[in-house]
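Undergrad: I am attaching a structure below and will ask some questions about it afterwards.
The values are calculated or read from the model by the stated rules, or taken from the named source; none is laboratory data. Bear in mind the structure is a predicted one, so any value in this text is a computation, not a measurement. Note that we place each Cβ from the backbone using ideal geometry, even for glycine, and neighbour counts take in every protein chain shown. With ligands, DNA and RNA removed, areas are computed over all heavy atoms of the protein, side chains included. Shrake-Rupley method; radii C 1.70, N 1.55, O 1.52, S 1.80 Å.
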Amino acid sequence: MSEPAAGAATRRTVLLVDGENVDATLGASILGRRPQPEERPRWERLLQFCRDHWDTDDVVGLFFLAANDPLPMSFVQALLAIGYKPVPLSGAGNQKVVDLAIQRTLEALRDTGDDVVLVSHDGDFLPQLKDVCDGRRVGVMGFREFCNLGFSELGVEFFDLEYDVRAFNGSLPRIRIIPIDEFDPRDFL
């Protein structure tokens, strides 16, 4: 699935961002604390990565967020300014509103033929993601070591937020398997 298809420039890519999942994984599993604003991903780089990697100008970025009153307008305005369509959601306290909305969006994408990139580590999306693995390009962005193993079983293309997408301004304190051609001993000295 990593080879761009002929005519890729005319195909639309829909980027579905589970921002809470990325933020929680970054904070709890990598940093061990709540991330500071400058430590969070540069969200515009995800859109640009999709444009560059799949050679298309038609990328629709949907950024799902759980929102209660008041709406986090400064964040919503920032998302709008960089090209996302914010999807603020509310529901009952026991509802995972972001997960439900992304699942429903993946279900709606079954009939469009659009390429899909999911930004999440969450296995709750596996059934719906499997349904769009029908020959179109499908990818998942996240931190490889924290992604649900079911994503690799679907055969989707994986993009690491730090190493492939380069969504961060600095390096994160992650432990990863290093291909020997990328190994630099100075990183450890």
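Undergrad: How big is the charge dipole of the range 69-189 about its Cα centre, in debye rounded to the nearest 20, if each Lys and Arg gets +1 on its Cβ and each Asp and Glu gets -1 on its Cβ?
TA: For the range 69-189, the charge dipole is close to 260 debye.
Undergrad: If you don't mind, another one. For residue 166, what charge total do you get from the other residues with a beta carbon under 12 Å from its beta carbon, if Lys and Arg give +1 and Asp and Glu give -1?
TA: Net of charged neighbours comes to -3.
Undergrad: Rounded, prolate or oblate: pick one for the range 58-113, where a ≥ b ≥ c are the square roots of the eigenvalues of its C-alpha gyration tensor, a/c under 1.5 means rounded, and failing that, prolate if a/b is larger than b/c, else oblate.
TA: In terms of gyration-tensor shape, oblate.
Undergrad: Rounded to the nearest 0.05, what FRET efficiency is calculated for residue 75 and residue 182 with R0 set to 30 Å and r the Cβ-Cβ distance?
TA: E between residue 75 and residue 182, to the nearest 0.05, is 0.30.
Undergrad: Taking the Cα centre of the chain as the origin and placing charges on Cβ (Lys, Arg +1; Asp, Glu -1), which of 24, 120, 179 is farthest toward the positive end of the dipole?
TA: Going by the charge dipole, the pick is 24.
Undergrad: Ignoring everything except DSSP H segments at least 4 long, calculate the 222 nm mean residue ellipticity for the chain; use -39,500 (n - 2.57) per segment, divide by total residues, nearest 500.
TA: Taking each H run of at least 4 residues, the total per residue is -7500 deg cm²/dmol.
Undergrad: For the residue pair residue 85 and residue 42, what label-to-label distance in nm results when each label sits 7 Å from Cα along the Cα-to-beta-carbon direction?
TA: Going by the 7 Å Cα→Cβ label model, 2.6 nm.
Undergrad: Show me the trypsin sites (Lys or Arg not before Pro) within the range 58-167 that DSSP assigns to loop and that have at most 15 other Cβ atoms within 10 Å of their Cβ.
TA: 96, 110, 166
Undergrad: Let me ask you something else. Which of 24, 92, 78 ends up with the largest GNM mean-square fluctuation for the chain, with Cα atoms connected below 10 Å?
TA: So, out of 24, 92, 78, the one fluctuating most is 92.
Undergrad: Could you state, as a whole-number percent, how many of the C-alpha pairs of the range 6-61 are farther apart than 16 Å?
TA: Distances greater than 16 Å cover 51 percent of the Cα pairs.
Undergrad: Would you kindly state the longest site-free stretch of the chain, with sites defined as chymotrypsin sites (Phe, Trp or Tyr not before Pro) in a DSSP loop (not H, G, I, E, B) surrounded by at most 11 other Cβ atoms within 10 Å?
TA: 1-182
Undergrad: Can I ask one more? Accessible surface of residue 114 in the full protein assembly, 1.4 angstrom probe, to the nearest 10 Å²?
TA: Near enough 20 Å² of accessible area.
Undergrad: Using a cut-off of under 18 Å, list every residue of the range 45-81 whose amide N is near the label point 7 Å from the Cα of residue 108 along the Cα-to-beta-carbon line.
TA: Under 18 Å, as judged by backbone N against the label point of residue 108, lie 59-67, 80 of the range 45-81.
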